[in-house]
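In what follows, a structure is listed as structure tokens, so that the remarks can point back to it.
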There are 2 protein chains.
Amino acid sequence: MGRAEPLARNEAGIATAVASLKQVLGDRLQTGQSIREQHGHTTTWLETQAPDAVAFPQSTDEVAEIVRICATHKVPVIGFGVGTSLEGHVNAPAGGICVDFAQMNRILAVHPEDLDVVVQPGVTREELNVHLRDQGLFFPIDPGANATLGGMTATRASGTNAVRYGTMRDNVISVEAVMADGTIIRTSHRAKKTSAGYDLTRLLIGSEGTLGLITEITLRLQGIPEAISAARCSFPSLDAACQAAMMTIQYGIPVARMELLDTLAVRAVNLYSKLDLPEEPLLLLEFHGSEAGVAEQAEAFGSISEEVGGSGFEWTASTEERNRLWKARHDFYWASLQLKPGATAVATDACVPISRLAECVTRAAAKAEEMGILSPVVGHVGDGNFHMSPLIDRDDPDQLEKAEAYIDWLAELAISMDGTCTGEHGVGQGKKAFLKTELGPALGYMSLIKTALDPDNIMNPGKIIPA
Amino acid sequence: MGRAEPLARNEAGIATAVASLKQVLGDRLQTGQSIREQHGHTTTWLETQAPDAVAFPQSTDEVAEIVRICATHKVPVIGFGVGTSLEGHVNAPAGGICVDFAQMNRILAVHPEDLDVVVQPGVTREELNVHLRDQGLFFPIDPGANATLGGMTATRASGTNAVRYGTMRDNVISVEAVMADGTIIRTSHRAKKTSAGYDLTRLLIGSEGTLGLITEITLRLQGIPEAISAARCSFPSLDAACQAAMMTIQYGIPVARMELLDTLAVRAVNLYSKLDLPEEPLLLLEFHGSEAGVAEQAEAFGSISEEVGGSGFEWTASTEERNRLWKARHDFYWASLQLKPGATAVATDACVPISRLAECVTRAAAKAEEMGILSPVVGHVGDGNFHMSPLIDRDDPDQLEKAEAYIDWLAELAISMDGTCTGEHGVGQGKKAFLKTELGPALGYMSLIKTALDPDNIMNPGKIIPA
């Protein structure tokens, strides 16, 4: 598979670094095959490339020590949260040391009056939200999986709530990071805004561990809304559902979530979560605000959906009903696998200007059908972002080849529509091949930055920047 | 003055570059003393350092040609919008070529369905909003001055609306830029979000022309709200006004603007704009939403201000009354100069976590009084950002020295409170001295990026990065 090419290994350096790290970390450096493979293998469809050892630091200083040892011996360092990334971000194509943040999982400070929180990278978003609940606060970004906040920061994650609250880009105030030579930096203070020089915070967000390891994160929080309601509406076609989504954004209805599921995706969700949603293209929404506000929003959406032929519009303020619907949406990945037992889901992540969404989704679905690929569609359509999920048997070279051809075709379609091959999953290994087409000469400046900040290419080598 | 140190000039290179540029641009390269001085002199209190020539390109290709000529001869290139920056950004401490974007002022494309617009850098925010009005759209960022969108992008501007809509960081989708060797890049496509590699868009926003010249900008737009209302409330002390601001944010009231004026600032505004606001600390607010929504917000704010001893709370949906108040706020800079005829206002720009705001503002005002400095205060207090404006006679060395000591003291106070010396004005020449204290080792990584992207240091030298 061309996407996860192995890279040259520095065998001597790796052996020396592993020995040194063992002295520093003792049992918190693991080299057993099974643990190493778990740290290469993730929810990605790409093949596993295990690291040579897995380190479990407990402090920023320990992370700095690990990086210094790896820098001395020119050995790769790869950050690891819980392994929910989809594009091979945690693979170790040149071997090296995986830094697992599982033991750096403390919530360091909540500042309710400033609506921010300081966390270590190993805290998951669900852990954070459980911790915050009593204070009437929440952290809105929700990529579906219960990812770590370090991983979410490193990959600029977003997901269902981004249409209202933005992505990790918008919700991280500051990070502490260990850079390629072991220097510890803090990108900014805790003030809500700053114009003090280059935006290193945003540079590290989405850098996928290729510039530094994120060891502490200051996040913006939101007050839990007074009222939350959910709504759903079915549509006669993907096109109609996308039109409704576009109009909702244009009219400025501040939806908190707006998710598209196509007929296949609805069927999968019905099967897996024992629901009886009409098997037609569906929009699933959530509204946040005051009691009066959410009613106003739901009704405004109801009128829009009626205009484009929507049916079965329902909204509810019941927490139970709402949680059931969103749990089903979040379980989509597992649900989709039921459509073809034994299959692997291949991730795609097209994102286009919303005016092009209907055309892009419709063409993507038609192309999958034409190629004989079973591929449900879900999408964060308020952001113009959707995921076709071709279901394939990875052991069948024919299916694999077809899926790869489809991924390429879809990435290029999105790019040709002034969009991107990756709206939220990141580049990792899987999307590297498309960056030249998408970014042109801008890619060269990413390489210059990478080389300047990590001259020996030890930070997560083989990701983002083409060799 | 230590802040605007002259740098070594490359006389031979400058002479050759000016001659070459004259051939390319003809009359659109100006070298007269008065025009050169206008392009160094701005609203800053720092002394003028004029460029050697001012170029007026009409296209991105011409900008690239200018930069290539300057790169060949290692001559500084300094971007210029309308010169409203406050920290000496457009000064030319090593001479060189000023690139004035006045003739690149076209609105290239409005995409109402995508809520975005593509503009050239010389378009001002007022021009853009006049152009958009018929389509029910607006661009929210409002730094007060009628700045160009290129300048606002390059300095990561924000202002009164940032509390609701964010800063330029949050409202620029993509930029086209000419880099230090003349290469033209586009940082991303027009999709609303992307995770395709390093965030070059955010790296260029706020880079103050030190990494590249911004030649095209894609901006997010907002629908004009159904209803807009304004409110004002007076408070017995700065502390009480800051408490009200903090509680308003904590309660999640989505204020569109929330401005503080201290007693002196109110007096200045009364004099200049012929108003009769009570001469006490004042909060001035604006609410955006539905008819019901803005009433709900205004009432919620009314209750909060009552709790902390506010008086004279009034709100109005009248456009005329609202515009009169905000016009007065926007004219504050000119109004403040009336407090001390012949004086120059020195810009400060502290920004702290909102929990520290009351203490920071109160101490800043007390210190000014203690030092015998006349200094009104205005602030974008929802963001924890405020401006003390010491009024000084620049020709009096004693006053100048005192003002400088005060600026230093205030910058250090803000930094010590986990804040920044510059919330929105940028670094330029004026704030360079504080970055080491504020950013520590992170500053070294800014230097590495600068050197990687502009090895000959021709892009706006002497700004942001300490020599």
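Please specify each residue of the range A:429-446 satisfying the condition of being part of a loop (DSSP other than H, G, I, E, B) and facing chain B (nearest Cβ under 10 Å).
Within the range A:429-446, the first condition is being part of a loop (DSSP other than H, G, I, E, B), and the residues that meet it are A:429-431, A:440-441.
Of everything in the range A:429-446, those that are part of a loop (DSSP other than H, G, I, E, B) and facing chain B (nearest Cβ under 10 Å) turn out to be A:431, A:440, A:441.
If you take just the helices (runs of 4 or more DSSP H) that sit entirely in the range B:180-295, which of them hold at least 2 residues that are crowded, with 23+ Cβ neighbours inside 10 Å, over 21 Å from the mean Cα position of the chain (by Cα) and of a type outside the set (A, V, I, L, M)?
Because the criterion is at least 2 residues that are crowded, with 23+ Cβ neighbours inside 10 Å, over 21 Å from the mean Cα position of the chain (by Cα) and of a type outside the set (A, V, I, L, M), the helices (runs of 4 or more DSSP H) in the range B:180-295 that meet it are B:238-250.
Taking into account only those residues within the range B:384-398 that are more than 14 Å from every other protein chain (Cβ to nearest Cβ) and either in contact (Cβ under 8 Å) with a residue 12 or more places away in the chain or touching a helix residue (DSSP H, G or I) at 6+ places or on another chain (Cβ under 6 Å) (or both), which is surrounded by the fewest Cβ atoms within 10 Å (Cβ to Cβ)?
For the range B:384-398, the residue satisfying everything is B:393.
Using the structure shown, decide if residue B:306 is modelled with pLDDT of 95 or more, among the charged types (D, E, K, R), part of a helix (DSSP H, G or I) and assigned by TED's automatic domain parsing to the domain that holds residue B:275.
yes
Does the range A:324-334 contain any residue that is at pLDDT 90 or above, farther than 19 Å from residue A:268 by Cβ and assigned to a helix (DSSP H, G or I)?
no
Per-residue answers, yes or no, for (1) surrounded by fewer than 23 Cβ atoms within 10 Å (Cβ to Cβ); (2) more than 22 Å from residue B:167 (Cβ to Cβ):
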position: B:423; (1), (2): no, no
position: B:426; (1), (2): no, no
position: B:430; (1), (2): no, no
position: B:439; (1), (2): no, no
position: B:443; (1), (2): yes, no
position: B:449; (1), (2): no, no
position: B:456; (1), (2): yes, yes
position: B:460; (1), (2): no, no
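Of the numbered conditions (1) in a loop (DSSP other than H, G, I, E, B); (2) within 23 Å of the chain's Cα centre (by Cα); (3) surrounded by fewer than 20 Cβ atoms within 10 Å (Cβ to Cβ), residue B:74 satisfies every one except a single condition; which is it?
Result: residue B:74 passes all but (2).
Under 8 Å between Cβ atoms, which residue pairs at least 6 apart in sequence (or on different chains) link something in the range A:409-433 that is under 13 Å from residue A:156 (Cβ atoms) with a partner that is of a type in the set (A, V, I, L, M, F, W, C) and in a strand (DSSP E or B)?
Pairs found: A:420/A:350; A:420/A:351; A:422/A:351; A:423/A:350; A:423/A:351; A:424/A:351.
Going through B:320, B:299 one at a time, which residue ends up being over 17 Å from residue B:423 (Cβ atoms), out of contact with any strand residue (DSSP E or B) (no Cβ under 6 Å at 6 or more places or on another chain) and within 14 Å of chain A (Cβ to nearest Cβ)?
Going through B:320, B:299 in turn, the sole match is B:299.
Go over the candidates A:415, A:449, A:464, A:407 one by one and state the one that is closer than 17 Å to residue B:196 by Cβ, among the hydrophobic types (A, V, I, L, M, F, W, C) and in a loop (DSSP other than H, G, I, E, B). Full working, then the answer.
Numbers: A:415 fails: in a loop (DSSP other than H, G, I, E, B); A:449 fails: in a loop (DSSP other than H, G, I, E, B); A:407 fails: in a loop (DSSP other than H, G, I, E, B).
Only one candidate qualifies: A:464.
Kindly indicate whether any position in the range B:350-359 is hydroxyl-bearing (Ser, Thr, Tyr), touching a helix residue (DSSP H, G or I) at 6+ places or on another chain (Cβ under 7 Å), buried (at least 19 other Cβ atoms within 10 Å of the Cβ) and within 14 Å of chain A (Cβ to nearest Cβ).
Yes, there is a match, as at least one residue in the range B:350-359 is hydroxyl-bearing (Ser, Thr, Tyr), touching a helix residue (DSSP H, G or I) at 6+ places or on another chain (Cβ under 7 Å), buried (at least 19 other Cβ atoms within 10 Å of the Cβ) and within 14 Å of chain A (Cβ to nearest Cβ).
State whether the residues of the range A:363-380 include one that is within 14 Å of chain B (Cβ to nearest Cβ) and either in contact (Cβ under 8 Å) with a residue 60 or more places away in the chain or closer than 23 Å to residue A:230 by Cα (or both).
Checked the range A:363-380: at least one residue is within 14 Å of chain B (Cβ to nearest Cβ) and either in contact (Cβ under 8 Å) with a residue 60 or more places away in the chain or closer than 23 Å to residue A:230 by Cα (or both).
When only residues in the range B:1-21 that are hydrophobic (A, V, I, L, M, F, W, C) and buried (at least 19 other Cβ atoms within 10 Å of the Cβ) count, which is modelled with the lowest pLDDT?
Within the range B:1-21, the match that is modelled with the lowest pLDDT is B:4.
When the residues of the range B:163-205 are narrowed to those that are more than 9 Å from chain A (Cβ to nearest Cβ) and among the hydroxyl-bearing types (Ser, Thr, Tyr), which ends up farthest from residue A:416 (Cα to Cα)?
B:165
Suppose we keep only residues that are out of contact with any Gly (no Cβ under 8 Å at 6 or more places or on another chain) and of a type in the set (A, V, I, L, M) within the range B:197-211. Which one would you say is farthest from residue A:414 (Cα to Cα)? Lay out the reasoning, then the answer.
Step one: list which residues in the range B:197-211 are out of contact with any Gly (no Cβ under 8 Å at 6 or more places or on another chain), which gives B:200-203, B:205, B:207, B:210-211.
Those left that are additionally of a type in the set (A, V, I, L, M): B:200, B:203, B:205, B:211.
Numbers: B:200: 20, B:203: 24, B:205: 25, B:211: 29 Å.
Looking at residues that are out of contact with any Gly (no Cβ under 8 Å at 6 or more places or on another chain) and of a type in the set (A, V, I, L, M), I get B:211.
For a quick check of your reading of the model, give me the residue pairs whose first member lies in the range A:128-139 and is free of Cβ contacts under 8 Å to residues at least 40 places away in the same chain, whose second is of a type in the set (Val, Ile, Thr) and not in a helix (DSSP H, G or I), with beta-carbon atoms closer than 6 Å and at least 6 apart or on different chains.
Note: pairs meeting the criteria are A:131/A:107.
The values are calculated or read from the model by the stated rules, or taken from the named source; none is laboratory data. This structure is a prediction, so every number in the text was calculated from the model and none was measured. Heads up, the Cβs are rebuilt from the backbone with ideal geometry, glycines too, and the neighbour counts pull from every protein chain shown.
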